[in-house]
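Data first, discussion second: the structure below is written as structure tokens.
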Amino acid sequence: MRVLPAICCLAVICTGCADTGHLYFDNPESRTGIRAAPAGGVQPIQTSSEVKAWEFARRGDYYQRMSDLQRAEAYYRKALAALRSSDSPVSQGAIRNNLAQILDLRGKFDEAITRAQEALEHNQQAGDLIGITVSYTVLGDTYGHQDDIAQRNNFWNKAYGTAQQSKNQQLISGIESRLTLIEERRQQPAARVQSEGAPSD
């Protein structure tokens, strides 16, 4: 199984993390009580439950960076539990995306798909193109890890469409790396046929 670059959505600003091969959406302002807004700006966190959830989410992000997926999962679960149903769809979607990604990496595929689908609904409600892209990507990755290639390709292509709409070049690049994998797989059968049909010396 080929390990793909992880895409983590803690906010809007995307920075590459070359030493781990991950793409993170870091929100440096979140430490001061500001979270990502769907339009690409920031807005104050409105509720104490949201503040608490983001504190847990930042710890989860830290352990994810340290490749301690068990602790990352535990903190993302605490973040999700801290949210109330009335909290913003941006936070609801971002935290579910992060949890879904960790669950996928830990082989908990059924729950990963459930959480990513929940995240997608919240992100669509918010009109958050980056969050939607991450949801599609996590769904594609998870289906791919289960060898459901049709669903993988379907969600990766959807992710590419919303990434282009977001105009976030680093996010677009992350999806393009996945689409390159699709093209490589398509070319492999043709290469084998050509090799098998070549005359022997």
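Here, each number is a calculation from the coordinates, and none is a lab measurement. This one's a predicted model, so the numbers in the text were calculated from it and none came from an experiment. Cβ coordinates were reconstructed from backbone atoms using ideal geometry, including for glycine residues, and neighbour counts include every protein chain displayed.
Reachable lysines from LYS78, Cα under 18 Å, same-chain residues fewer than 8 places away excluded?
LYS52, LYS108
If you take every residue apart from GLN165 with its C-beta less than 13 Å away from the C-beta of GLN165, what net charge results, scoring Lys and Arg +1 and Asp and Glu -1?
Summing Lys and Arg as +1 and Asp and Glu as -1 gives +1.
Lysines near LYS167 by alpha-carbon distance under 28 Å, same-chain residues fewer than 8 away left out - which ones?
LYS158
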